[in-house]
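Where a number appears in this text, it was derived from the coordinates with a stated rule and is not lab data. Predicted model only: the values in this text are computed from it and were never measured. Neighbour counts run over all protein chains shown; Cβ positions are idealised from the backbone, glycine included.
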C-alpha cells in the first residue's frame, strides 16, 4: 500500500472513531446494564432531557441509551440529547403491516418501535425500558438486582380511565381496577381478569434476537386491531403468563393522584409517568389539573449537574 493509501485508511479510521464516540458515547457499547428510552420525534426531546437529568440527579450508576430514528428527529434535537450525555442507538421505525386505525390515540402508532429494545443485545444483557414522559424521583438501580432475575417485569396498570375516553376498552372502569380492589382489601378474584395487565411505560427486559424474531412473527399473525394500546397490549399478550409484577412506585401514573390518592406519596414514589397531557406542553388545558405534579417534572428538566471548579495547581 502506498503512503497515500495508508494515510487515507488512517483518516477513515479516525473519522469512524469520532462518529462512533459521538453517537455511542465514551462508554463501551457492551455495557451490561442500561436504561433505555425511545426518541422518534422532536416533540419528546424535552421528555428525554428531563428523564436523563432525573437519572443523573439520583446518581444512577447506569447510562441512559436513547434509541433514535435519525430520519424523524432533527439535527438540533439529536445534538441536544448528545449534549446531555446520552448514548444514541440509531434504529429504524418498526410498523406492522396491518391497519392501525383502532388505536386509542394516533400517537400510539410510534409505540411499535419500542419493541426494538429487544434487539439491543450490543447495549446490555439487562435493560429497563422507559417512556420519555417519565422522570425518576429516587434511585431505582435495584431493578437490575431482582433476586429471581425475571425475563420480563413491569408495573400493573390502572384501568380507571379517569378521562372517560370512549376509545378505551369498555371494561376500563374504577370498579374493575385492581388498585381499587386492593385499597378496599377485596379479593383479587373479584376483579375482571382482563384488568390484570401491566403498563408498557416501564419494563425490565433481557435483549434477545430470537425473542425479537418471535415478536415479528406475532406482529404478522395476530389480530392487531384488538390492540388499542399498540405495544402495551402486544406485550401483555406476549408475556401473558410469565411477566413479573413490580411495585407501583416504579411507574406511578400521574393520574394516581386522582384515581388512587391513598397511593400518592412522593416520599415513596420512585418514578412518575406523565401519561395523557405532557408537562412540557404549556398550551394543553388538561395540564391545569396537574400543576403541582407537573412542577416535579419541571424541576427535573431544570436540574443541572453541579461541577466543582478545581483550583489551579501551585508550582
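Take the alpha carbon atoms of segment 183-304, find their radius of gyration, then divide it by 2.2 N^0.38 Å using N residues; give the quotient.
1.27
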- Among 289-298, 119-128, what's the highest-first ranking by average C-beta atoms within 10 angstrom per residue? 119-128, 289-298
